[in-house]
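Below is one structure, written out as structure tokens; the observations come after it.
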């Protein structure tokens, strides 16, 4: 339980190499980790502290549908932990991706011609 605080500390105050190592371990695991009570806080901190390239990669992972056609972002929106941590962050880039993805996957009124 307490380990997530250590990892969050490394993400916020650690050396670039250490932050990059933590973020590399999150790649491919964002959906799984964001749905965990404590790991979701680490995912949130990673999105907030990552360099632009790493942040884009993590967001892209959240936006890309899996082989079964299920969109991780849709799953995350329904999850109590993922929706509060990874989707409630003040990142214009992330919000732009999310809004565009939602518009095109749900056929919202604003995207209809």
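Just so it is clear, none of the values below were taken in a lab; they were calculated from the coordinates. Quick caveat, the model's predicted, so the values are computed rather than measured. Note that each Cβ is placed from the backbone with ideal geometry, even for glycine, and that neighbours are counted across all protein chains shown.
Side notes on the structure shown:
- Judged by the ratio a/c of the largest to the smallest principal axis of the C-alpha gyration tensor, region 40-80 counts as oblate, that ratio being 1.5 or greater while a/b is no larger than b/c.
- Inter-probe distance in nm under a simple model that places probes 7 Å from Cα toward Cβ, at residue 38 and residue 83: 2.5
- As a calculated quantity, the FRET efficiency between residue 53 and residue 74 at R0 = 25 Å, using C-beta atoms, amounts to about 0.50.
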